[in-house]
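Structure first, then comments.
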Amino acid sequence: MPCVAPFLAGSASMREILRALVQSLQAGREAIVCQVVETRGSTPQKAGAMMIVDPEGGQVGTLGGGCVENEVKQKAIRHIGTPGAAIQSFVLDHDYAWADGLICGGKMVALVECVRGDAALAYFRAEMGLLERGEGFTEAIVVEPDRAGIPAMGRRFLITPEGEIAGSWPDGPTPDGLKSRAASLADRPRPEVRGGVAWIPSLPRVRLVIVGAGHVGQAVAELAAKADFDVWVVDDRAQFANAERFPAAQRILVGPIEDVLRNLEVTPQTYCLIVTRGHGHDQEALHHLAPTPAPYVGLIGSRRKIRLIFESLVESGISRDVLDRVAAPVGLEIGSQTVSEIAVSIVAELIARRNLGRKGQSPSSRPLGPA
């Protein structure tokens, strides 16, 4: 049997967790999937969070740490060789988690199952493929078989945005009407248990186009990639825009900024950040990006610089309504001084816009005042 290293504890993205699980199954090893399927109130992790445990006690991912995670892990190891899934519920009250600081007052329900074999491999490989493509999908997991009318605790289904079943495990017929019960991803649904099924959406991944490969662009790219954005970098200088400086970038586009942006596909899942080395390039980039379908276009700079650029673009024919959509100055107000602090403020705003939509800080909440 091929030998693979035990899992290492620590935080990891869902892509990394699934990649580790698929690699383990490909090597013929068993692994225990521990996944939060329901939460109520305040909890350290929300539904969908996953931890993979190997027979030696190693893990990838986290359920929030502390005694809850440790108890799930210990029960998971004892689950080795046991068929079927099991439910574990935890109430995070004073008696349960005082020592770990997890007195959240909420309830967390986790599903634990030992997985092995080709059928499990095919399912989790399909889920990893959907996640890598970033188009979004919904995972439906049976947690109450009687209510769901599906006699298999832990049975899983992958439902695409088009309502097609991209995978199911264990094998069996798909219940009538299951596909149509998944919420539309366009409504940005939250995980929920409904009709005995845990519905866990994976929303379409956002592409972040960073125009400008200088120090700020580099720092933002590193943080944004860790926050699960697909990072693209645009610059006219190959000595700055390259894989060595942007190892996590999905694409690096080198060429005259005007030419690159004129031919760039911008979708409603594209965010654009303008952090070039000069006012002229900033204005050029904003001229091309402000009128696009991008739900977020951010521009770095002083209020005076931004006002001058806006006035010039209005004179060139760009409407004020279009420019009112631009987040400028970019970033949350945290008193940023250093490049790292500026990057944190920008990525925090990007996350707020992605996760909260218009509830995040909007450009209109920051009117341009005196420079």
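Points to keep in mind about this one:
- Residue within the stretch 298-307 that is in contact with a Leu (Cβ under 8 Å, 6 or more places away or on another chain), buried (at least 20 other Cβ atoms within 10 Å of the Cβ) and over 22 Å from residue 222 (Cα atoms) present: yes
- Residue within the stretch 24-32 that is modelled with pLDDT of 80 or more, basic (Lys, Arg) and in a strand (DSSP E or B) present: no
- Among the candidates 268, 370, the residue that is part of a loop (DSSP other than H, G, I, E, B), modelled with pLDDT under 95 and not assigned by TED's automatic domain parsing to the domain that holds residue 224 is uniquely 370.
- Count of the stretch 33-51 residues which are outside any loop (DSSP other than H, G, I, E, B) and over 17 Å from residue 81 (Cβ atoms): 8
- Check on residue 29, among the basic types (Lys, Arg), surrounded by fewer than 23 Cβ atoms within 10 Å (Cβ to Cβ) and more than 17 Å from the chain's Cα centre (by Cα): yes
- Scanning the stretch 190-232 for residues that are among the basic types (Lys, Arg) and under 12 Å from residue 250 (Cα atoms) returns a single hit, 207.
- Extreme residue, farthest from residue 152 (Cα to Cα), among residues of the stretch 196-242 that are acidic (Asp, Glu) and out of contact with any strand residue (DSSP E or B) (no Cβ under 6 Å at 6 or more places or on another chain): 236
- Residue selected from the stretch 293-318 under the condition in a loop (DSSP other than H, G, I, E, B) and in contact with a helix residue (DSSP H, G or I) (Cβ under 9 Å, 6 or more places away or on another chain), by the criterion modelled with the lowest pLDDT: 301
- Output for the stretch 49-85, where each listed residue is within 25 Å of residue 137 (Cβ to Cβ) and surrounded by fewer than 19 Cβ atoms within 10 Å (Cβ to Cβ): 84
- Residue in the stretch 233-241 that is under 30 Å from residue 203 (Cα atoms), in a loop (DSSP other than H, G, I, E, B) and more than 24 Å from the chain's Cα centre (by Cα) present: yes
- Residue 347 satisfies every condition listed in (1) touching a helix residue (DSSP H, G or I) at 6+ places or on another chain (Cβ under 9 Å); (2) part of a helix (DSSP H, G or I); (3) over 17 Å from residue 232 (Cβ atoms) except (3).
This table checks each residue for (1) closer than 11 Å to residue 108 by Cα; (2) of a type in the set (S, T, N, Q); (3) touching a strand residue (DSSP E or B) at 6+ places or on another chain (Cβ under 9 Å).
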site	(1), (2), (3)
27	no, no, no
30	no, no, yes
59	no, yes, yes
79	no, no, yes
87	yes, no, yes
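- Any hit, the stretch 34-46, residues being at pLDDT below 85 and of a type in the set (Gly, Ala, Ser): yes
- Pairs linking a residue in the stretch 17-43 that is within 17 Å of residue 72 (Cα to Cα) and assigned by TED's automatic domain parsing to the domain that holds residue 69 to a residue that is of a type in the set (Ser, Thr, Tyr) and buried (at least 21 other Cβ atoms within 10 Å of the Cβ), with Cβ atoms under 7 Å and 6 or more positions apart or on different chains, are 31/24.
The values are calculated or read from the model by the stated rules, or taken from the named source; none is laboratory data. The shown structure was predicted, so the numbers you read here are calculated from the model rather than taken from an experiment. Because the Cβ atoms are built from the backbone with ideal geometry, glycine has one as well, and the counts that use them run over all protein chains shown.
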